[in-house]
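Reading through the structure tokens given below for one structure.
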Amino acid sequence: EIYKEVAQMLFEVALNVGKAPDIVRYFEVIKEKWPDLEISFEQIVKVGAAYRELNEYERSYLVFRATAEGSFSRESEIGGFLESQGEFERSVAVMDRILREYPAEPYIASSAYALAQRVYAMAPNAASDPKLREKKLSRVDLIRDAISRLDDFLTVWPDDPAADQASFSLASALVELEAWPAAISRSNRFAERFPKSEYLDSFWYIIGYSHFARGEHRQALDLCRRVAETTRTDPATGREIESRNKWRAIFISGQVHHSLGEPAEAITEYQRVADRFPDAKETIAYFTRKAI
């Protein structure tokens with residue numbers, strides 16, 4: 001315990017005197033033996049400068065980088081506090097300012113993506129939030145804001161591990177706005193860009209659903225069949241698994257045949273999902289009823 005106190009004293013003395021070799025020496029002793037010991041922001045900045053003075057440029061960079069990340073983590077807690085107090089818009093504004101003040105490091109990418117998702121998740125609650133109503137921010141406004149943020153994320157960090165997930169969120173947001181041409185165009189691009197993504201069949205499903213919503217039934221049918229028939233390898237088990245959108249795609253196929261006036265084909269598709277979608281069972285009953 002005395003050794004620990006002496007090491008801290010020598011570290012503080014070296015910082016006050018400004019001797020770079022001693023600053024580095026006692027800093028490394030402290031971090032090796034007591035890694036959980038907290039070092040103030042003012043002290044750690046001097047440590048980074050000491051490494052640089054000794055021509056230890058990589059270590060200096062790593063110290064400053066870790067310091068910036070720690071500072072960001074502390075500052076970003078303000079946004080979480082404001083949101084917990086019902087100040088969602090102020091929380092987003094604060095996080096926007098903080099994100100602009102830090103370099104484009106991976107932790108900033110994660111936070112920017114998380115903020116976009118928070119804005120998107122808040123959209124359904126826009127009508128019930130008094131502060132958002134006061135600012136005249138609607139569900140559509142928040143979805144558009146989320147789309148813009150996701151677009152920015154994909155532009156700045158195109159190779160981020162979450163890029164395909166962000167792309168799927170963006171395409172889904174376009175579907176919520178019923179922006180069918182944009183949803184088709186962007187999903188086609190995402191499918192080409194992420195051919196090995198677990199969201200590939202989801203992009204196809206969005207394309208097919210958007211064609212169906214536009215009344216382009218044959219295109220919708222082709223995409224829904226592709227989704228229903230596709231499989232992918234689960235990276236965790238190595239097993240072939242069905243598309244997560246398989247049953248919805250089959251249901252849409254039934255609706256397409258229904259719209260085209262092809263009841264026999266519609267019944268065939270509806271029967272495959274009758275135990276999953278009540279509407280499918282009701283439609284089968286409607287088509288097969290007997291009456292005078």
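Here, each number is a calculation from the coordinates, and none is a lab measurement. Predicted model only: the values in this text are computed from it and were never measured. Cβ atoms come from the backbone with ideal geometry, glycine included; neighbour counts cover every protein chain shown.
Once R0 is set to 45 Å, what does the formula 1/(1 + (r/R0)^6) return for the Cβ-Cβ distance between V6 and A236, expressed as a FRET efficiency to the nearest 0.05?
0.30
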Using a Gaussian network for the chain with springs between C-alpha atoms less than 10 Å apart, which of these wobbles most: R139, R90, R239?
R239
Loop-located GluC sites (Glu not before Pro) in the range 137-213 whose Cβ has at most 14 other Cβ within 10 Å (DSSP)
E178
Taking the alpha-carbon set of the chain, what are its Rg and Dmax in Å?
27.8, 102
Checking the a/c ratio against 1.5 first, then a/b against b/c, what shape does the Cα gyration tensor give for the range 211-292?
oblate
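Can you tell me the length gained on complete extension of the stretch S71 to S148, counting 0.36 nm per residue apart and subtracting the Cα distance? Don't jump to the answer; show the numbers that get you there.
Numbers: separation 77, 0.36 × 77 = 27.72 nm, distance 2.67 nm.
Roughly 25.1 nm would be gained on extension.
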Taking Cα atoms only, helix 217-229 is inclined relative to the longest principal axis of the chain by an angle, in degrees rounded to 10, of 60 degrees
Please build a GNM for the chain, connecting alpha carbons under 10 Å apart, and tell me which residue among L37, L15, L154 fluctuates the most.
L37
Cα gyration tensor category, rounded, prolate or oblate, for the range 1-112 with a/c compared to 1.5:
prolate
If R₀ is 35 angstrom, what is the calculated FRET efficiency for the pair D222 and K131, using the beta carbon separation as r and rounding to 0.05?
0.15
Over 19 Å apart: what share of the alpha carbon pairs of the range 158-286 falls there, rounded to a whole percent?
51 percent
The helix 263-272 Cα axis meets the longest alpha-carbon principal axis of the chain at an angle in degrees, between 0 and 90 and rounded to 10, of 40 degrees
Formal net charge of residues neighbouring I108 (Cβ-Cβ distance under 15 Å; K, R +1; D, E -1):
-3
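Take the alpha-carbon positions of the range 36-85, form their convex hull, and give its projected area averaged over all directions (one quarter of the hull surface) in nm².
Numbers: hull surface 16.4 nm².
Convex hull of Cα atoms, orientation-averaged projection: 4.1 nm².
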Most fluctuating residue given options V63, V17, V175, as computed from a GNM of the chain linking Cα atoms under 10 Å:
V17
What translational diffusion coefficient, in µm²/s and rounded to a whole number, does the Stokes-Einstein relation yield for the range 61-196 at 25 °C and a viscosity of 0.890 mPa s, taking the hydrodynamic radius as the Kirkwood radius over Cα pairs?
154 µm²/s
Mind pulling the angle between the C-alpha long axis of helix 2-17 and the longest principal axis of the chain? Nearest 10 degrees, somewhere in 0 to 90.
80 degrees
Within the range 51-65, whose backbone N sits under 12 Å from a point 7 Å along Cα→Cβ of Y102?
65
